[in-house]
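Enquirer: Quick one: this structure, given as C-alpha cells, is what I'll be asking you about.
Just so you know, all these numbers are worked out from the coordinates, no wet-lab data involved. If you're wondering where the values come from, they're calculated on a predicted model, not measured in any experiment. FYI the Cβ positions are ideal-geometry reconstructions off the backbone, even for glycines, and counts take in every protein chain you see.
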C-alpha cells in the first residue's frame, strides 16, 4: 500500500486538536509554525498571506536553517492503494407477499432474468421484472402511475403488444396481462397482485436462501437474498480518505493474478460498524462500490467468486508544478503559508500559495520561488 498522502491547508488541525511544534525564526520578527497537514482534498489556496510586524519577504536574516531542500518541478499525484473485496456487491432481501407454501426455490448462485420465476408459492411463479418502483399495490383497469408504466415496459420487453406504454392501466393493458398470466399458468384476472411480481434494477444472482422449500410464507416473510449479476469491488475507507471516493471517478483494480482492470466508482455510502465490545465504540466508514467496466474486465474477474484485490485511487494530479516538502511550509503569523528562501549566507521569508498535497510534498507558487530555489527545513 502506498504512503498516505498529506492534507490540504484547508484541512489542517484546528488549535487544540493536534499540537504542532512551534519554531521562531532567527533574527526575524515572524513567528512561524511548522505545518503538520493531513491531506483530505486535491488542493487548496492559502489566503491572506502577509508579513506584518515590519518584516518583508526580502528582509535578510543572518542565521541559516539547519538544513535545506530544493524547489523541484514535477508531476504531483495524490494517490492511494487500498485493500478491497471482489464479489457481487451488496445483498438485497426478497420478502414474500403471497400467503402459501414455498413449492420451488432457486439454487444459490443461479442468475435470473426478466420474465423468469424468482420462486414459486403454491406452484404459482413469482416473476422477476425490471424497475425501480416496488410492487406495492394491486394494478387494475383505471390505475395510473409510474408503476403502471413500469409494468407495461416489462410486458412489451417480454413480447406482449396491443397497448400503449404510459402511466394508464387501460383495458388493452388488462388484455395483455391476461395473456401473460395465461402463459405463466396463473388465473387470468387481468389484474396484477403485488406478490405476483418482484421488481429489481436488472438481472439478479441468488445469494442465499433464507427459507426452505415447504416452508410457509406470507407478507414480510424473508425468502431469499440476491445481488446483481456483474462483478464489483467493494472498498471500505476511513472518513478522512473520503476525498478519494468521488462517484464516477476512474480507478484501477489489481486482481489476485496481478491483472489490472479498469473500474469506476459507482456508489459511495456511509456505514456504521458496531463496536465489538463494551469498550469499543462504533466506527463510521465510507463504503465504495467499484464497477468493473467492460467485457474484458468482467471476463478477467469471472475467474474468482470472492477474492481479495487492491484498488488504486487517484484523487488529484497536477502536471509540471513547483513543489517543496510539506515540512518546509511555515504558517505565517499574519495568516497563510510561506517558505524560508536561502540565498548564500542569508535567508528571507516568501509567502506562497499552496495547491495539491501528495506524497509528502506540496505544490507552491509565489514571487521568488523558482525551480532550484533552496528553502529551509526543520531539524
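Enquirer: Compute the distance in nm between two label points, each set 7 Å from the Cα along the Cα-to-Cβ direction, one at residue 63 and one at residue 299.
Expert: Each label point lies 7 Å from its Cα, and together they span 6.7 nm.
Enquirer: Mind giving me the FRET efficiency for residue 320 and residue 164? R0 is 41 Å, r the Cβ-Cβ distance, nearest 0.05 is fine.
Expert: 0.10
Enquirer: Sticking with this structure for a sec: Within region 210-240, find all residues whose amide N lies under 11 Å from a label point positioned 7 Å from the Cα of residue 122 along Cα-to-beta-carbon.
Expert: Answer for this model: none.
Enquirer: Would region 94-227 count as rounded, prolate or oblate if I go by the C-alpha gyration tensor, calling it rounded below 1.5 in a/c and otherwise prolate when a/b exceeds b/c, oblate otherwise? The partial results should precede the final answer.
Expert: Working: a/c = 1.94, a/b = 1.67, b/c = 1.16.
Judged from the Cα gyration tensor, region 94-227 comes out prolate (a/c at least 1.5, a/b above b/c).
Enquirer: Grab the beta carbon distance between residue 222 and residue 260, set R0 = 41 Å, and tell me the FRET efficiency rounded to 0.05. Could you put the intermediate results ahead of the total?
Expert: Working: r = 39 Å, r/R0 = 0.95.
It comes to 0.60.
Enquirer: Using packing as a proxy for protection, rank 328-336, 83-91 so that the peptide with the highest average count of other Cβ atoms within 10 Å comes first.
Expert: Packing order, densest peptide first, comes out as 328-336, 83-91.
Enquirer: Given Cα pairs under 8 Å that are at least 6 residues apart, what percent is the relative contact order of region 203-318?
Expert: The value is 27 percent.
Enquirer: Which order do the peptides 118-129, 345-356 take when ranked by the mean count of other beta-carbon atoms within 10 Å per residue, highest first?
Expert: My ranking of the peptides, most packed first, is 345-356, 118-129.
Enquirer: Another question, then. Along the Cα→Cβ direction, 7 angstrom out, place labels at residue 113 and residue 132. What is the inter-label distance in nm?
Expert: So the label points at residue 113 and residue 132 sit 2.4 nm apart.
Enquirer: Please label the shape of region 250-379 as rounded, prolate or oblate, based on the square roots a ≥ b ≥ c of the eigenvalues of the alpha-carbon gyration tensor (a/c under 1.5 means rounded; beyond that, a/b larger than b/c means prolate, else oblate).
Expert: prolate
Enquirer: Ordered by packing density, taken as the mean number of other Cβ atoms within 10 Å over each peptide's residues, highest first, how do 109-115, 233-239 rank?
Expert: Peptide ranking by packing, descending: 233-239, 109-115.
Enquirer: Can I ask one more? Which of 337, 199 comes first, and how do the rest follow, when ranked by fewest Cβ neighbours within 10 Å?
Expert: Numbers: 337 26, 199 19.
Ranked by crowding around the Cβ, least crowded first: 199, 337.
Enquirer: Given R₀ = 30 Å, FRET efficiency for residue 157-residue 269 by Cβ-Cβ distance, to 0.05? It would help to have the intermediate numbers written out before the result.
Expert: Working: r = 30 Å, r/R0 = 1.00.
Result of the calculation: an efficiency of 0.50.
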